[in-house]
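What follows is one structure encoded as C-alpha cells, with my remarks underneath.
Coordinate-derived values only; no laboratory data. Keep in mind that this is a model prediction, so the values were computed, not measured. Every residue, glycine among them, receives a Cβ derived from its backbone with ideal geometry; neighbour counts consider all protein chains shown.
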Amino acid sequence: MSCLRKIPPNGRGYTLIELMIVVAVLGVLCMIAIPKIGAAIRTANEGATKGKLGAVRTALLIYYADTEGSYPSNLDPLMRPGSKYLTQVVPLYTAAHGSATDIHYLSSFDDNDTGGWGYVNSGGDWGRVWIQCTHDDAKGEKWNQR
C-alpha cells in the first residue's frame, strides 16, 4: 500500500483560479443573504412582541373580569407562581432598544422612549398597557401607537 495520493487520470486537479472563483461566488451569495436573514429575524422578533402585547392585554382583561371590574395597581398579581394569567414578566423586543422586561407604572399614558412596558395604574386610562418606544417598527408604524 502506498501512502501517496493518486493523481486523477487526466492529470489535472482544481486550479487556484477555479477555487478563487468559487470563493468569490460564495462571498457574493453571503453578502446578499445575510441582510435578508437579519431583516427576517427582526420581523420575527417584532411579530413576537406584538403577540406578547396582545397576551398581556388579554391577561389584564381576564383579571378585570375575574375581579368584577377592577384592574391591578401593578402587574404582580398576574405573574404570581401558578397564576392563570401570566407566568413571568413578558420580554419584549424593539430594534431601537433591544430586549427588555422593564415595567413602568404611570398615572397616564405618555410617549417616552424607554423601551419597556408602560402600564397605567390609576385615573381614566387605568389598565392600559403599551410598548414605550417612539421608533418605527419594520412596517413603519410607531410602537407606542398600538
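Sort Tyr14, Tyr64 by Cβ crowding within 10 Å, fewest neighbours at the top.
Details: Tyr14 8, Tyr64 15.
So the ranking, lowest neighbour count to highest, is Tyr14, Tyr64.
Would you list which aspartates and glutamates come within 12 Å of Lys84, measuring only between C-alpha atoms, while excluding same-chain residues fewer than 8 positions from it?
The reachable aspartates and glutamates, counting only those whose Cα sits under 12 Å from Lys84, are Asp66.
Treating only the Cβ atoms of Lys and Arg (+1) and Asp and Glu (-1) as charged, compute the dipole magnitude of the chain about its Cα centre; round to the nearest 20 debye.
1000
Run through segment 9-115 and list the trypsin sites (Lys or Arg not before Pro) located in a DSSP loop whose Cβ has at most 14 other Cβ atoms within 10 Å.
Filter output for segment 9-115: Arg12, Lys84.
Once each part is reduced to its C-alpha centroid, what is the distance from segment 40-64 to segment 94-133 in angstrom?
Their Cα centres are 14 Å away from one another.
Here are labelled values, (1) 0.98; (2) 1.68; (3) 1.81, and one is the computed Cα Rg over 2.2 N^0.38 Å for what I pasted. Which one?
(3)
With unit charges on the beta carbons (Lys and Arg positive, Asp and Glu negative) and the dipole taken about the Cα centre of the chain, which residue among Leu26, Ala39, Ser70 sits farthest to the positive side?
So the residue we want is Leu26.
Where is the GNM fluctuation largest for the chain (alpha-carbon springs, 10 angstrom cutoff): Leu60, Leu106, Leu19?
Comparing Leu60, Leu106, Leu19 in a Gaussian network model of the chain, the most mobile one is Leu19.
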